[in-house]
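Since the structure comes first, as structure tokens, the remarks are kept for the end.
The values are calculated or read from the model by the stated rules, or taken from the named source; none is laboratory data. These numbers come from a predicted model, not from an experiment. Please note: Cβ atoms are built from the backbone with ideal geometry, for glycine as well, and neighbour counts cover all protein chains shown. Surface areas here come from the heavy atoms of the whole protein model, side chains and all, with no ligands, DNA or RNA. Shrake-Rupley method; radii C 1.70, N 1.55, O 1.52, S 1.80 Å.
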Amino acid sequence: SPRQSLLPRALKPGPDAADAVLSDAASLPPPQRPGKPEKPDRPEIPDLGRRVLTARKQPAVPSPDRSPAALSELVERAVAMARAVPEDPYCGLPQESLLARTWPDLDVCDPTEPSASHLIEQARIAEDAAMSTPGVTNSDGAEASWSQTRAAIVTSNGFAGAFSVSRHSLSVSIIAGAGTAAWRDYDFSSKVYGDDLTEAAKSDEKPPNAVRRLNRAKSKPVKSRDL
């Protein structure tokens, strides 16, 4: 893999130690506006970081390119920078005796990636539920999104570890009332697992904040207010 091949390359020119960090981030945020879903997009952000340590110097060089030629250039740049950066008396890798060999599974990643159509449907359901609440007159839209980040680090003195984190989110923004007596508010939920997302609104639950504020304001004049 790129992170494993970087270490022997980096140590050949002479550094005392080296490490490599590899990360990938992907997201799927297709907003749902009133009656008109926007085009979904799935940006991916790859990142590869290289650090060499020699004579209390530690330059770090990032790169999104993982091709063999780019990896060689990355190492050359890091080693060249080691000659120019100032010394840092606190730099260095941990002693081998301090390296973690095992760690708990924190259960912070949902292995299931939702489809764009599923997220659009979730946003539509949330918006429909909000609009069905008595007192709600309009919607500023709903949004269902998903993101996942994976990261790994390998060091020249024997450490290798990786983790993944995911996040599913659902939000909706509504307007209650009209004219100078209109109120806007929102609600959202964010979970590791998509199945744990709460519904944006239910008929048997208390009304949204915007409706409660509208009811409190009926007895006195109010001005339009955005929160």
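Remarks
- Criterion: crowded, with 16+ Cβ neighbours inside 10 Å and among the polar types (S, T, N, Q) - qualifying residue of 117, 166: 166
- Taking the criterion of being more than 23 Å from the chain's Cα centre (by Cα) and open to solvent by 70 Å² or more (accessible area, probe 1.4 Å), the residues of the range 120-150 that qualify are 125, 128, 131, 132, 134, 137, 138.
- Residue satisfying all of: in the range 37-65; open to solvent by 70 Å² or more (accessible area, probe 1.4 Å) and modelled with pLDDT of 60 or more; farthest from the chain's Cα centre (by Cα) among these: 56
- Inter-residue pairs, beta-carbon under 6 Å, first over 19 Å from residue 177 (Cα atoms) and in the range 133-150, second at pLDDT 85 or above and hydroxyl-bearing (Ser, Thr, Tyr), 6+ apart: 143/171; 145/169; 147/27; 148/166; 150/164
- Taken as a whole, the condition of being modelled with pLDDT of 80 or more, surrounded by 18 or more Cβ atoms within 10 Å (Cβ to Cβ), among the polar types (S, T, N, Q) and on the phi < 0 side of the Ramachandran plot does not apply to residue 190.
- Listed by first and then second residue, the pairs linking a residue in the range 91-103 that is under 18 Å from residue 162 (Cβ atoms) to a residue that is open to solvent by less than 100 Å² (accessible area, probe 1.4 Å) and outside any loop (DSSP other than H, G, I, E, B), with Cβ atoms under 6 Å apart and 6 or more places separating them unless they lie on different chains, are 93/17; 93/155.
- Pairs where the first residue, in the range 66-78, is within 17 Å of residue 21 (Cβ to Cβ) and in a helix (DSSP H, G or I) and the second is at pLDDT 75 or above and acidic (Asp, Glu), C-beta under 9 Å, 6+ apart: 71/65; 74/65
- Residue match in the range 154-165 (condition: part of a strand (DSSP E or B), modelled with pLDDT of 85 or more, under 14 Å from the mean Cα position of the chain (by Cα) and not β-branched (Val, Ile, Thr)): yes
- Exactly one residue among 200, 126, 210, 142 is outside any loop (DSSP other than H, G, I, E, B), farther than 30 Å from residue 104 by Cβ, small (Gly, Ala, Ser) and modelled with pLDDT under 80, and that residue is 210.
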